[in-house]
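To start, the structure itself, in C-alpha cells.
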Amino acid sequence: MESEPVNADQLHAALRNLASNLRWTWDHRTSALLAQLPGATPGRHPLATIDALSGEQLAVLATDEVVVTTVAEQLAALNAEMATAVELPEVVYFSPEFGISETVPQYSGGLGILAGDHLKAASDLGVPLIGVGLLYQAGYFKQSLSRDAWQQETYPVLDPDGLPLTLLREASADGNGKPIQISLPLPHGRRLLAHVWRADVGRVPLLLLDSNVPGNDEAARGITDRLYGGGGDHRLQQELLLGMGGVKALRAFQKLTGSPAPEVFHTNEGHAGFLGVERIQELMSGENPLSWDEALAAGRASTVFTTHTPVPAGIDRFEVSQIQHFFDAGLAPDVPVARILNLGREDYTDGNPFVFNMAVMGLRLAQRANGVAKLHGVVSRGMFSALWPGFDHSEVPITSVTNGVHVPTWVDPRVSALARDQFGADAEEQGRWDLAYNVSDEDVWALRREMRVSLVEDVRRRLRAAWKKRGAADAELAWTDSVLDPDILTIGFARRVPTYKRLTLMLREPERLKALLLHKTHPIQLVIAGKSHPADDAGKKMIQDLVRFTDDPAVRHRIAFLPNYDIAMARTLFPGCDVWLNNPLRPLEACGTSGMKAALNGSLNLSVLDGWWDEMYDGENGWAIPTANNDASPEERDDIEAAALYELLETQ
C-alpha cells in the first residue's frame, strides 16, 4: 500500500498486516499508530481493535493523510525487513513460556520475558532462530486482591482467532488444508493430539502447540489449559507435549515450508528436556538406525541446556515410576525405557534414585550447559556437581552466559525520541549510548520527571481499579487521586513473589519504613508489584502483609501495591522509577533482569550483590546492599540486611 488515496478495505487489510506480525510490540512508531486507533485499549490486541472498526470509522481514517502515510511507511518497513529474512531454522529454541506482549499472555515471569526478548533480538540481528512452545488456553492467571488483601486468581480463556496466530495446515490449492495434527500415545490406549499455531515475531517464527482440539478427550483437551497450572500427570503431559510434540511440530513445519533441519537445539530450562528423547527416537528408528550410544552422542552434540534456577525447589521432579508409566505406552518405541529413566534419575550422592529430575535429564542430554550470570554459574556448578564425581566444582562443565534485555522493547519511547532529537536517527539506530554524556542535566531531569508523572498517573488509575475490585465504593476512593507525588524520589520493586525474593524485607522495621515515607524534607515513595504462584501460600502471605501496610491511611499516599504485574505495567514502571530495589537471598537470584530494564531508562539500582548486579556493580552506578555472613540464621540475616537497606535509604 502506497501513501496515496486508499479505500476502507485497503486500509483495513494494511492495518491487519501490521498487527499480525508481533514486530509492532517493539517498533515504537507502529505501536503508537495502533494505539491511536478508535477503540484501542491497554491489554487488547490490535487485531481485535482493527476488526471491530466500523466501515464508517475506516472510511474516516482512510481520508486522514497522516494515518495513511504512517501506515504505508510502517508496512513498507515491515515488508522490507521480512524480505531479508534468513533461511530458517538453524537454531530451534524450546521454552515453556514466551513473554512477547501483554496482549499474548503466555508468560509468568523472567524465564518467559527472556525467551521473548531472545526472539525479538534474533529477528533484529537476523539470527536464524525458530521458537517452540505451548499455547495455553488461559495463559498465566490474572491477579486481584480480596478485601483482606489475599491474592485471588482468575483465568480468562483466550480465543486464538483473536490473536496474531495462523493455524498450520497441510498444503492445499486453496490454503485451507487439514490442520496439521501432532499425536502422542498415552497410557490405556489414549492419545494426546495437538494443533500447531504459528506466530511471527518479526522474522522469527514461533510454533505453539494446542491440545484443545477435536479428537481429544476432555482430560487431554485440558493439558494446555494454564501455564504452570497443574502438577503430577498434568504437568508431565505438558512437558511431554512441549519436548516430544515440539520436535514433531518442528518436523511438520520443515516439511511444510521446505526449511532445513536445525543444527542446534536449545532447551530453555528443564521443562522441554524430552525433546532430546524424541531426537534419540528419530535417530534410532531412521533408515540407518543408530545404537543408543550413537544416538545419545549425536543428540548431545547439537544440544544446549540453560538452567535458570539456583533453587532446587524450582526444578520439576517426577516419580521414576510415573515416567515409566507414560513411556511404556510407546512414546519412544525404539528407545529402551530403562535408558530414558536413567537420563533423569538422581542416581548420585545425596540424590533420590526413585525421582526423575528434569534438570538432570537436560544436563545429560546436552553437550553444553550454562547458567544465566557469572555467580549463577558458580552456584550451578556446585548444585549439580554430583553429576560429575571426582571433579572440583570449578571444573564442572557448566559455564555462564549473563542474560540481557531487548533494548527497543524496554527503553521508553521518550528516551529514544530525546536521542533522536539531539543526535539524529543514526545515533538512535546504532545505540550510541556514549552520547548520553552530552545531554544536559536539565534535559535529563526534565525527561525523568515526565516519565515519573506518567507512572504516578498510571498508579492512581490502577490503584483505584484495584480497590474497586476489593469491594470499595467510588465514594471511598477520592484519596487515590492524590497518591504519590511526581517530585518525590520514587523506588520500584516488581517481580515474582517466591519467599527467597523477600518482598517484605522492607517491612522488617515498619516504623523505620514509615519514617522514610513521611520524612519532612526528603521523603521517598514506593511502587510495588508481583504475583505469587497460586500454590504458594507463603508468597501470598507476604503480599497480604505488605498490602495491609500500604492500606494504612497514614502512608497510603506514599506506598502502593499494584495487582496483576505484566508487561504493560512494566513499561511504565521501569522508566518512572528513580531507584530499582532488589533484595533476594544471595545467591538465590539467577540473574534478575528487571534492574537492567530500569537502568536502560536512567534508574539506579539498589540491590543485593546477586545475579547480574554482582558482576555489573562498579561502585558508581547504584548501591550494593551488604549481606550477612553465611553462618547467620535466617532471622539474623534478614535483620542485618534490612538494617543495611534502611541505612542506605536514610543516608545515601
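The values are calculated or read from the model by the stated rules, or taken from the named source; none is laboratory data. From a predicted model like this one, the values you see are computed outputs, not experimental measurements. Every residue, glycine among them, receives a Cβ derived from its backbone with ideal geometry; neighbour counts consider all protein chains shown. Accessible surface is based on the protein model in full, side chains and every heavy atom, while ligands, DNA and RNA are left aside. Shrake-Rupley method; radii C 1.70, N 1.55, O 1.52, S 1.80 Å.
Some points to look at:
- Per residue, the convex hull spanned by the Cα atoms of segment 449-550 amounts to 114 cubic angstrom.
- With every protein chain in place, segment 208-286: carbon and sulfur % of accessible area (1.4 Å): 49
- In the context of the full set of protein chains, residues of the chain present 42 Å² of accessible surface per residue (probe radius 1.4 Å, heavy atoms only).
- Size of electric dipole in segment 99-216: Cβ of Lys, Arg +1 and of Asp, Glu -1, about Cα centre, debye, nearest 20: 300
- FRET efficiency for the residue 54 to residue 514 pair, using the beta carbon distance and R₀ = 56 Å, is estimated at 0.60.
- The label-point distance for residue 144 and residue 191, in a model that sets each label 7 Å from Cα toward Cβ, rounds to 4.1 nm.
- At R0 = 25 Å, FRET efficiency that the Cβ-Cβ distance of residue 632 and residue 401 yields, to 0.05: 0.20
- Each of 394, 107, 488 was placed along the dipole of the chain (beta-carbon charges, centred on the mean Cα), and the one lying farthest toward the positive end is 107.
- Whole-number percent relative contact order across segment 8-160, with pairs defined as alpha carbons under 8 Å at least 6 apart: 18
- Taking 25 °C and 0.890 mPa s as conditions, segment 287-420 diffuses translationally at an estimated 143 µm²/s according to Stokes-Einstein applied to its Kirkwood radius (Cα pairs).
- Reference-scaled alpha-carbon Rg (2.2 N^0.38 Å with N residues) for segment 1-125: 1.15
- Straight-distance crosslink candidates among lysines, where the alpha carbon sits under 22 Å from residue 468 and sequence neighbours closer than 8 are dropped: 142, 531, 540, 541
- Legend: calculated FRET efficiency, residue 154 to residue 481, from the Cβ-Cβ distance at R0 = 30 Å, rounded to 0.05, equals 0.65.
- With both labels modelled 7 Å from their Cα along Cα-to-Cβ, the residue 40 to residue 551 distance reads 3.8 nm.
- Charged side chains reduced to their Cβ positions (Lys and Arg at +1, Asp and Glu at -1) give the chain a dipole of some 1200 debye around its Cα centre.
- From helices alone, the chain scores -12000 deg cm²/dmol at 222 nm; the rule is -39500 (n - 2.57) for each run of n ≥ 4 DSSP H residues, then divide by the residue total.
- Area of residue 479 that stays accessible when all protein chains are in place (1.4 Å probe, Å², to 10): 50
- Sulfur and carbon atoms: percent of accessible area, segment 56-127 [1.4 Å]: 60
- Direction-averaged projected area, Cα convex hull, segment 138-231: 9.1 nm², rounded to one decimal.
- Counting only the Cα atoms, the chain fills a convex hull of 176 Å³ per residue.
- A simple charge model with +1 on the Cβ of Lys and Arg, -1 on the Cβ of Asp and Glu and nothing else charged puts the dipole of segment 7-72 at about 280 debye relative to its Cα centre.
- Take every Cα pair under 8 Å whose residues are at least 6 apart in sequence, average their separation, divide by the length of segment 363-431, and the relative contact order is 29 percent.
- When you filter the GluC sites (Glu not before Pro) in segment 31-118 for DSSP loop state and at most 16 other Cβ atoms inside 10 Å of their Cβ, you are left with 87, 90.
- A dipole drawn for the chain from +1 and -1 charges on Cβ atoms has a positive end, and of 405, 50, 219 the residue lying farthest that way is 219.
- Multiplying the residue separation of residue 292 and residue 457 by 0.36 nm and removing their Cα-Cα distance gives an extension gain of 53.3 nm.
- Residues in segment 572-587 that a label on residue 465 would reach, taking backbone N under 16 Å of a point 7 Å out along Cα→Cβ: 572-573
- Here the ratio of the Cα radius of gyration of segment 180-324 to 2.2 N^0.38 Å is 1.08.
- For segment 54-197, the C-alpha radius of gyration divided by 2.2 N^0.38 Å, with N the number of residues, is 1.38.
- Residue-wise HN-Hα coupling along segment 65-70, computed from phi with Karplus coefficients 6.51, -1.76, 1.60 (Hz; x: Gly, Pro): 4, 5, 4, 4, 5, 5
- Subtracting the Cα-Cα distance of residue 65 and residue 166 from their residue separation scaled by 0.36 nm leaves 33.2 nm.
- Partners for residue 597 among aspartates and glutamates (Cα-Cα distance below 13 Å; same-chain residues under 8 apart left out): 117, 412, 578
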